[in-house]
Structures are given as structure tokens and as C-alpha cells.
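Below: the structure, in C-alpha cells.
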Amino acid sequence: MSELNDLKKKLAMSSRMLFNAQLVDHSGHISARIPGSDHFFILPHPVSRATVAADDMVVADFDGKSVEGKYKAPSEVFMHARAYKARSDIESVAHLHNHMVATLSMVDKPFYPASSNPGAFFGPGPMPVYMDPALIHTIEQGDAVARTLGKGDAVMLRGHGSMVVGQTIEWVFAACVDLEEAAVRFYQASLLGPVRVYTDDETQRVMKGRRKDSVVQKIWDHNVAKTKLARLMEGI
Ligand SMILES: [Zn+2]
């Protein structure tokens, strides 16, 4: 079915783009719900995030079991599986080993992503932190991450990275890019002095201009171009 092929292709593209943006390395993954089902596509455990192709994608269920594909799902598949189970409103999930977000998760100080414009993707307030540093290898751990995420768009994983959720692959990808940029700015500003955190009103006004499909598309298109220039989009 071409709709599912398009979804797999978009996942492969976004994985290579996340790699090119240094938001995933040999680990980290992005997935997409198979519309109207209790299954999702995710990239497989052994294939490089820099070269994964549409046909490599595997299918897993909401208990994290691999049900289709020539490879097995990544070991942290439970994070994705239980986020979909808990949140019927989301269609895509990314788990990042994003360097600056992981760094901020290691200090006992709240991170306010919406204190610089890119972070307005995430709204007001400090980003929740899932405190258990162990890798997410069980249903129970996946449920605990989903509980910490709550109704939000992202959760930090202490000393590890983050999970970002949203309604489309493009939206999640753009949010991943903005989250790391917001973390870099927050870190740099913190070195200079107390951060002037946006008020709720300021956040709402910036969000209005930022949380838009046109902004998401612009971030997506720019990263497609950048990844093509790096010659990482061939044989998708
Ligand atoms: Zn991980």
C-alpha cells in the first residue's frame, strides 16, 4: 500500500536527518504509528541510523513485540510502544541521545525550553525529567516514561537523552531540532547569569508564531536539503 510505503520512506529520511543533525548516533530512533492500528513502524536494531532504508523498517506492537520485518526492533522499543498505548493523540515518537538535553538532565536545575524562541514548541514550564537512568527495556519502564511525559510533547531522560512525541513525523522531527537548539541556548545563557525565563504570556505569544505547520515544513525542507548535501539521502 503506497500510504504505508510513504510512511516508511519518511521514517528512513527522518532517521538520516536526525543523524545528520547529530541528534541520534549509533542509537536513538524515530517511529510512526500505522494509522488506525495498534502497531507502529520503527527502524531496526542493527541498521545504521545514517543509512537505514524504507524496506528495513520493522513492525512492533504496543507491548514492544516485533511482529514483522527481517530484523528485530531496537532494545528500547518499549519507550515507543507504551507512549502510543498511553497517548491515542500521537502518531510519531522519537527517542534521542541529544547531547545538550542529556547534559541539562544531569544537573539539579529545571530546564525551561520555552525561554528561547525555538523552545516555544514545548510550551511554558520546566521540562519533566524521568529520573531512572537505566535503559528502557521493559513494558513497566516504558509505562513509567509515558507517565512522566503526561500530556506533554517531550520528556528528558536523566543522563540519557529525551523522548519527543507529536502528530506527524515532520512535526516530531522539527520539535527534535528545536529542543536541542533551545537546550544549547539555555546552557549558554546559564553560564552568563540567571536565565530570563519567558512569562506565560510571552510564551503563548511566541508559541502562536512558532507552533505552525508552515514552520515545521520549513525546518523539514531545510534539513532534507542539508542531508542531501551531505550525500546521506541516497538509496532511501
Ligand atoms: Zn537510549
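The values are calculated or read from the model by the stated rules, or taken from the named source; none is laboratory data. In this text the structure is predicted, and so the values were computed from the model without any measurement. We place every Cβ from the backbone using ideal geometry, glycine too, and count neighbours over all the protein chains shown.
Hey, can you tell me all the residues within the stretch 1-59 that are among the β-branched types (Val, Ile, Thr) and touching a Gly at 6+ places or on another chain (Cβ under 7 Å)? VAL58, VAL59 - these are the residues of the stretch 1-59 that are among the β-branched types (Val, Ile, Thr) and touching a Gly at 6+ places or on another chain (Cβ under 7 Å).
Mind telling me which of the residues ALA73, ALA94 ends up being within 30 Å of TYR187 (Cβ to Cβ), within 16 Å of the ligand (Cβ to nearest atom) and either among the hydrophobic types (A, V, I, L, M, F, W, C) or not in a helix (DSSP H, G or I) (or both)? Don't jump to the end; show me each part of the working.
Values: ALA73 fails: within 30 Å of TYR187 (Cβ to Cβ).
Answer to the selection: ALA94.
Across the stretch 50-70, the number of residues qualifying as part of a loop (DSSP other than H, G, I, E, B), at pLDDT 95 or above and in contact with an Asp or Glu (Cβ under 8 Å, 6 or more places away or on another chain) comes to 1.
Here ASP56 does not fit the description of being surrounded by fewer than 15 Cβ atoms within 10 Å (Cβ to Cβ) and either within 23 Å of GLY235 (Cα to Cα) or not aliphatic (A, V, I, L, M) (or both). Evaluate the stretch 126-136: report whether one residue or more is more than 16 Å from the ligand (Cβ to nearest atom), under 24 Å from LEU232 (Cβ atoms) and assigned to a loop (DSSP other than H, G, I, E, B). Looking for residues that are more than 16 Å from the ligand (Cβ to nearest atom), under 24 Å from LEU232 (Cβ atoms) and assigned to a loop (DSSP other than H, G, I, E, B), one finds none in the stretch 126-136, hence no.
Within the stretch 211-232, which residues are assigned to a helix (DSSP H, G or I) and surrounded by fewer than 18 Cβ atoms within 10 Å (Cβ to Cβ)? Result: ASP213, SER214, VAL215, GLN217, LYS218, ASP221, HIS222, VAL224, ALA225, LYS226, LYS228, LEU229.
Taking ARG205 as the residue in question, decide whether it is away from the ligand (no atom under 16 Å from the Cβ) and touching a residue at least 24 places away in the same chain (Cβ under 8 Å). Explain how you work it out, then say what you get.
Numbers: away from the ligand (no atom under 16 Å from the Cβ): yes; touching a residue at least 24 places away in the same chain (Cβ under 8 Å): no.
Considered against the rule, which asks whether it is away from the ligand (no atom under 16 Å from the Cβ) and touching a residue at least 24 places away in the same chain (Cβ under 8 Å), ARG205 comes out as no.
Consider the stretch 1-43 and keep the residues that are within 16 Å of the ligand (Cβ to nearest atom), surrounded by 18 or more Cβ atoms within 10 Å (Cβ to Cβ) and part of a loop (DSSP other than H, G, I, E, B). The one that is farthest from the chain's Cα centre (by Cα) is LEU43.
Can you find a residue in the stretch 160-177 that is assigned to a loop (DSSP other than H, G, I, E, B) and either within 16 Å of the ligand (Cβ to nearest atom) or buried (at least 21 other Cβ atoms within 10 Å of the Cβ) (or both)? Talk me through it step by step, then tell me what you get.
Narrowing the stretch 160-177 to residues assigned to a loop (DSSP other than H, G, I, E, B): 160, 167-168.
Still in the list and also either within 16 Å of the ligand (Cβ to nearest atom) or buried (at least 21 other Cβ atoms within 10 Å of the Cβ) (or both): 160.
Checked against the condition, which is being assigned to a loop (DSSP other than H, G, I, E, B) and either within 16 Å of the ligand (Cβ to nearest atom) or buried (at least 21 other Cβ atoms within 10 Å of the Cβ) (or both), the stretch 160-177 yields at least one hit.
Could we say that MET100 is surrounded by fewer than 24 Cβ atoms within 10 Å (Cβ to Cβ), touching a Gly at 6+ places or on another chain (Cβ under 8 Å) and not in a strand (DSSP E or B) here? Against the criterion (surrounded by fewer than 24 Cβ atoms within 10 Å (Cβ to Cβ), touching a Gly at 6+ places or on another chain (Cβ under 8 Å) and not in a strand (DSSP E or B)), MET100 does not qualify.
Can you pull out every residue in the stretch 178-196 that is in a helix (DSSP H, G or I) and of a type in the set (D, E, K, R)? Of everything in the stretch 178-196, those that are in a helix (DSSP H, G or I) and of a type in the set (D, E, K, R) turn out to be ASP178, GLU180, GLU181, ARG185.
Listed conditions (1) without any contact (Cβ under 8 Å) to a residue 40 or more places away in the chain; (2) surrounded by fewer than 16 Cβ atoms within 10 Å (Cβ to Cβ); (3) part of a loop (DSSP other than H, G, I, E, B) are all met by LYS109, apart from (1).
Pick from the stretch 59-70 the residues that are within 24 Å of ASP25 (Cβ to Cβ) and crowded, with 18+ Cβ neighbours inside 10 Å: which of them is nearest to the ligand (Cβ to nearest atom)? Give the derivation first.
The first filter runs over the stretch 59-70 and keeps only residues within 24 Å of ASP25 (Cβ to Cβ), leaving 60, 64, 66, 69-70.
With the extra rule that they be crowded, with 18+ Cβ neighbours inside 10 Å, the set shrinks to 60, 64.
Numbers: ALA60: 16, GLY64: 14 Å.
Among residues in the stretch 59-70 that are within 24 Å of ASP25 (Cβ to Cβ) and crowded, with 18+ Cβ neighbours inside 10 Å, the one nearest to the ligand (Cβ to nearest atom) is GLY64.
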